[in-house]
Amino acid sequence: MALLARKCIGFITPRVYSVRNVYGTCRIGHRDVVGYGINGCANYKDDAHFPFPAIRFKENTKDICALREKEKGDWKMLCCEEKKALYRASFCQTFVEFKHPTGSWKFIVGWFFIISSFGFWMMMFFHYYVTEPLPISLSKESQKAQLRRMLEARVNPIDGLSSKWDYDNDRWKVYYQPATYNIVSSQHCCRINLSVALFLHPFVENGY
């Protein structure tokens, strides 16, 4: 019953053809369909993964048909030019030709630098004409004054910033080594955070 119902449905509903197949077969002209190709459609493409296109590259003409009849015989009777003409009738390019570098990377790299240059000049425009200048609190003098105020307020006197300052001699303690950012060795019990050392290093180098 299921098979009978399926046949009835097939008679009632019209058969729907794929638009891709109709489009491929009606626009190939007088070319011969010689294989499956890439996806079964009647199109031509030079591809190393699919070396046999579905159709020939050129349409059948009188000269090509005459050469096809001649190639059915002894190939010794064909000259080199006729063999090349037969090859070019079926294929557009050789493997060496379509696998040769095209130099398209130069086009991509060129556009990359062009777009990057636009981004650079846009950044410069925003830097000089749009964004406001940095606040005065980020200058060297303001940072030095802020550091002096933190020391005078004795911020983190146990193991923080103030514990590394010698208030009697008004300078950093002896075990502070600003060149290597190593405050003390691992044998000492007193250590300082690396971020504090990085913050204090420019002031120590300037003789603060």
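The values are calculated or read from the model by the stated rules, or taken from the named source; none is laboratory data. Predicted model, so just to flag it, every value in this text is computed and none were measured. Every residue, glycine among them, receives a Cβ derived from its backbone with ideal geometry; neighbour counts consider all protein chains shown.
Annotations for the structure displayed:
- Pairs where the first residue, in segment 99-127, is closer than 30 Å to Phe50 by Cβ and the second is of a type in the set (A, V, I, L, M) and exposed (fewer than 10 other Cβ atoms within 10 Å of the Cβ), C-beta under 7 Å, 6+ apart: Lys99/Ala48
- Residue match in segment 154-162 (condition: modelled with pLDDT of 90 or more, among the basic types (Lys, Arg), farther than 30 Å from Asp46 by Cα and not in a loop (DSSP other than H, G, I, E, B)): no
- Cβ pairs under 7 Å, 6+ apart, first in segment 135-147 and closer than 25 Å to Tyr167 by Cα, second part of a helix (DSSP H, G or I): Ser142/Ile136; Lys144/Phe203; Leu147/Phe203
- Residue list for segment 38-71, filter: farther than 15 Å from Ala89 by Cα and β-branched (Val, Ile, Thr): Ile38
- Condition check for Asn60: out of contact with any Cys (no Cβ under 8 Å at 6 or more places or on another chain), assigned by TED's automatic domain parsing to the domain that holds Cys79, farther than 21 Å from Phe98 by Cβ and surrounded by 14 or more Cβ atoms within 10 Å (Cβ to Cβ): yes
- Lone unmet requirement of (1) more than 30 Å from Asn60 (Cβ to Cβ); (2) within 28 Å of the chain's Cα centre (by Cα) for Lys144: (2)
- Among the residues of segment 88-103, those that are loosely packed, with under 12 Cβ neighbours inside 10 Å and assigned to a helix (DSSP H, G or I) comprise Phe95, Val96, Glu97.
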